[in-house]
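Quick notes on the structure that follows.
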Amino acid sequence: MARLLVVEDDEMIGRALQRSLTAHAHEVSLMPTGKGALREAGRSSFDLVLLDLGLPDLDGLAVCRELRTAQADTVIVMLTARDEEMDVIIGLEAGADDYLTKPVRLAELHARIRAHLRRGESIAHAEVSGPTRLGDLVVDAAGRRVTLAGRDLPLRAKEFELLARLTAQPGVAVSRDTLMSDVWDEHWVGSTKTLDVHMAALRRHLSTAPEAANVPMIVTLRGHGYRLDAPPTS
């Protein structure tokens, strides 16, 4: 059983989501406002948050950022009435791990939640090896820590897992399907746009290295996926 927080101001939709999720053996808290959600997140931990961005009291993106700060490892799934690419990108960059467009199809909602929760469990029980070094980038899987030129990189959970997957096979082309399966879940349902947003975030993190640092390069392979190339001097 997982602990879920549903943040939805429409009482009919919120109650319907709560009933459906409870029927799937989850413990569900329902909050109609952003302030209530932040208050609840401050006193309880959750495995996953369903966050409606159209809240009556606070900007949904601001709530997303604060939730991410308060509960770094909690999965945040945005509920949005819009599917415009820029809206989705802004939401994912605010700290969300995934999004669903309203009206929400319950079958897809439950599939996404199962995928996120399964992935979290598999990571928690996975065997980890020693740190991997590529030039001035060091990925410590056991400590879930990444340093670049001696400085910690503040990666979100999925950013860390994506970088760890790429550094496991430097110089090897990895398909989009493989990355979604390994980092999100093999039963993933829906758009893979989240992969591109997280990859863009990783590139920004790597770009913060000092000019003289030896930094790996993320290469986009159009029509296939991505490759992490080690720096020439590593």
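Throughout, read-outs are computed from the coordinates displayed, never taken from laboratory work. Predicted model, so just to flag it, every value in this text is computed and none were measured. Positions of Cβ are generated from backbone atoms using ideal geometry, with glycine treated the same way; all protein chains shown enter the neighbour counts.
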Restricting to Cα pairs below 8 Å that are 6+ residues apart, what does the relative contact order work out to for region 1-119? Please round to a whole percent.
23 percent
Toward the positive end of the charge dipole of the chain, about the Cα centre and with charges on Cβ (Lys, Arg +1; Asp, Glu -1), which of 104, 63, 207 goes farthest?
207
With N set to the residue count of region 1-126, report its C-alpha Rg divided by 2.2 N^0.38 Å to two decimal places.
0.97
The chain, relative contact order [Cα under 8 Å, separation at least 6], %:
15 percent
Restricting region 149-234 to GluC sites (Glu not before Pro) in coil, as DSSP defines it, with at most 15 other Cβ within 10 Å:
186, 211
Placed amide H near residue 98: partners under 5 Å, 5+ positions off or other chain
76, 78
In vacuo Debye sum over C-alpha of the chain, base-10 log of normalised intensity I(q)/I(0) at q = 0.13, 0.15, 0.18 Å⁻¹, listed in q order, is -0.79, -1.02, -1.36
Calculated FRET value between residue 58 and residue 114, using beta carbons and R₀ = 25 Å, to 0.05
0.30
Using alpha-carbon coordinates, inclination of helix 11-23 to the longest axis of the chain, degrees
70 degrees
Quick one: Debye curve from the alpha-carbon atoms of region 133-234 only, equal weights, vacuum; give me log10 I(q)/I(0) at q = 0.11, 0.18, 0.19 Å⁻¹ to two decimals.
-0.31, -0.83, -0.92
How long are the semi-axes of the equivalent ellipsoid of region 60-110, taking √(5λ) for every eigenvalue λ of the Cα gyration tensor, in whole Å from largest down?
19, 14, 8
Could you please rank 8, 108, placing first whichever residue has the fewest other Cβ atoms within 10 Å of its Cβ?
108, 8
